[in-house]
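The structure under discussion appears below in the form of structure tokens.
The values are calculated or read from the model by the stated rules, or taken from the named source; none is laboratory data. Note that this is a predicted model, so its numbers are computed, not measured. Neighbour counts are summed over all protein chains in view; Cβ atoms, including those assigned to glycine, are modelled from backbone coordinates with ideal geometry.
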Amino acid sequence: MRNTLRYTLVSLAFCAGAQVSAETVALKNFTLIDGTGRAPVANQALIMTDGKISWVGPVSKLRVPNSAETQDLQGKYVMPGIIDSHVHLGLVNGIEQDYSKFYDRANVEKQLKIYAAYGVTTVYTLGTDGDSIHELIADQRRIGRIDMARVYTAGRGVVFKGSYGGVVGLDQSVATPAETSAMVSRELAKGDDFVKLWMDDEFGTIGERMPYQISNAVITAAHAGGKKAVAHIFYYDNAAALTQEGIDGFMHQVRDRIADPALANQMKAKGVWQIASTLSREASFTYKLLPFVDDPFFSRAVAPSTIANLKDPARQQRLASSPLFPRYQAVLNNAMASLATEARAGVKYGMGTDSGPSARFPGYFAHWEMDLMVQSGLTPLQVLTAATSTNAKFLGLTDVGTVAAGKWADLLVLDKNPAADIRNTRAINSVYIAGKKVPTIWETCVDRPADTCAARP
Ligand SMILES: [Zn+2]
């Protein structure tokens, strides 16, 4: 039976001839922002073959096979799909956060489709994943032509016992360097793409920060396994020490004060990347009520019950009366100034939001983050480059991050020029993942009934 079936399939494929030839789609007449940092170039075209970019160049040189479908993108802008270098998946239902209750493949995939709807076609998930993430990733990498954001994971990150970090319900804390090395080796064997550690104490309110002998064991074990080690930091002194220890990247900014040129120069000399600045995270903490709660670009992806919870006066009162609430504006200001210092010093920087925990929303926060990076003093083109090729390079990804031959056709098509105004990343016309259109935030109301879906302004 099995042999017969296989013979039949082979025969069909053989006889089908031209019908099984490559799927070829051409896009033409757009302005290209290729993700490398090159200025926008008008009158460009590209060819997608079986989901990969097979050619990019001036429309005058476009040669399309007869079988190809051609889409005219006159007046549009094409850039690589955005990469968010710092997210957490599957932790929430609405604004309720509980890893043990909500983390499963369906919830993770729902969020990956929200990212995709916002043009975020790849995410790095930062240390709060259950082991099932590895099955999802294996499926994604085998299939390639998926309809949601691609995932790279730090698995379960390393927390010093009793200290800040991680999520309740996931076994991820260590007490000694020996336990640390064992944990990192064990987790890397599952297929983690990089390794995360937390070194913080929530303004001195939680336990003891991770000691340097533990962070050193994390970094050593990660490098022994051929992977990069990244850190959640808050304090200048920890950033300086981890830089000397050989950390590869920071997933938040220095926020207790402003990173100065001395630190930035050390980071540059040691090859430490500021791969996420999470300005949108810090900014979100400064509000009792997020200021964009009624903006359709935000609300179309958010359930009506969640909007109602955000607007609940009791919740706003609770947030505003927290003793930490008055401190967040200074934290945000420090983070923005630290990013500016590092960029001026030549430190490599990416774009990451820390979205995924309660009230930090997938997709929308990436667009807010890019806006805040520009407000920190970067140009829109610098920010677009951070959010695409720089993020890809940090993990050594060679098939995403730029619009170039050989890459996946993960593309964001915009109605307006994002290099002129970063807020034009919200003018989403279409999103392609592996050459196929996925529903954009302007086409689908992800988490709400269609009749409650605010129109595109
Ligand atoms: Zn995080």
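Remarks
- Among (1) touching a residue at least 24 places away in the same chain (Cβ under 8 Å); (2) surrounded by fewer than 16 Cβ atoms within 10 Å (Cβ to Cβ); (3) within 30 Å of Arg255 (Cβ to Cβ), the one test that Pro457 misses: (3)
- Scanning the range 59-69 for residues that are farther than 17 Å from Ser21 by Cα and surrounded by 13 or more Cβ atoms within 10 Å (Cβ to Cβ) returns Val59, Leu62.
- Top-ranked residue of the range 278-315 - restricted to ones that are away from the ligand (no atom under 16 Å from the Cβ), among the aromatic types (Phe, Trp, Tyr) and crowded, with 17+ Cβ neighbours inside 10 Å, ranked as farthest from Ala335 (Cα to Cα): Phe297
- Residues of the range 152-161 classified as over 19 Å from the mean Cα position of the chain (by Cα) and either modelled with pLDDT under 95 or basic (Lys, Arg) (or both), total: 1
- Residue within the range 297-310 that is over 26 Å from the mean Cα position of the chain (by Cα) and assigned by TED's automatic domain parsing to the domain that holds Ser355 present: yes
- Per this entry, Asp192 is not counted among residues that are touching a Gly at 6+ places or on another chain (Cβ under 8 Å) and within 15 Å of the ligand (Cβ to nearest atom).
- Single residue of the range 261-277 satisfying the filter (surrounded by 24 or more Cβ atoms within 10 Å (Cβ to Cβ) and part of a loop (DSSP other than H, G, I, E, B)) that is farthest from the ligand (Cβ to nearest atom): Val272
Okay, residues lined up against (1) in contact with an Asp or Glu (Cβ under 6 Å, 6 or more places away or on another chain); (2) free of Cβ contacts under 8 Å to residues at least 40 places away in the same chain:
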residue: Tyr115; (1), (2): no, no
residue: Val120; (1), (2): yes, no
residue: Gly144; (1), (2): no, no
residue: Val158; (1), (2): no, no
residue: Gly162; (1), (2): no, no
residue: Gln172; (1), (2): no, no
residue: Leu188; (1), (2): no, yes
residue: Met199; (1), (2): no, no
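- Number of residues in the range 348-359 that are more than 8 Å from the ligand (Cβ to nearest atom), surrounded by 24 or more Cβ atoms within 10 Å (Cβ to Cβ) and assigned to a loop (DSSP other than H, G, I, E, B): the value is 4.
- When the helices (runs of 4 or more DSSP H) confined to the range 361-457 are screened for residues that are among the basic types (Lys, Arg), those reaching at least 1 such residues are found at 391-394.
- Some residue of the range 236-244 being of a type in the set (D, E, K, R) and within 16 Å of the ligand (Cβ to nearest atom): no
- Checking each residue in the range 174-214 for being hydroxyl-bearing (Ser, Thr, Tyr) and either more than 24 Å from Gly356 (Cα to Cα) or in contact with a helix residue (DSSP H, G or I) (Cβ under 9 Å, 6 or more places away or on another chain) (or both) picks out Thr176, Thr180, Ser181, Ser185, Tyr212.
- Residue tally, condition part of a loop (DSSP other than H, G, I, E, B) and away from the ligand (no atom under 16 Å from the Cβ), over the range 72-114: 9
- Once the range 218-260 is narrowed to residues that are part of a strand (DSSP E or B) and free of Cβ contacts under 8 Å to residues at least 60 places away in the same chain, the residue that is farthest from His86 (Cα to Cα) is Ala229.
- Every residue from the range 162-187 that is among the β-branched types (Val, Ile, Thr) and under 21 Å from the mean Cα position of the chain (by Cα): Val167
- Total residues in the range 312-335, condition part of a loop (DSSP other than H, G, I, E, B) and not hydroxyl-bearing (Ser, Thr, Tyr): 3
- Residue match in the range 188-200 (condition: over 24 Å from the mean Cα position of the chain (by Cα), under 23 Å from Ala330 (Cα atoms) and either modelled with pLDDT of 95 or more or not assigned by TED's automatic domain parsing to the domain that holds Ser322 (or both)): no
- Residues located in the range 48-58, provided they are surrounded by 15 or more Cβ atoms within 10 Å (Cβ to Cβ) and assigned to a strand (DSSP E or B): Met48, Thr49, Lys52, Ile53, Ser54, Trp55, Val56, Gly57
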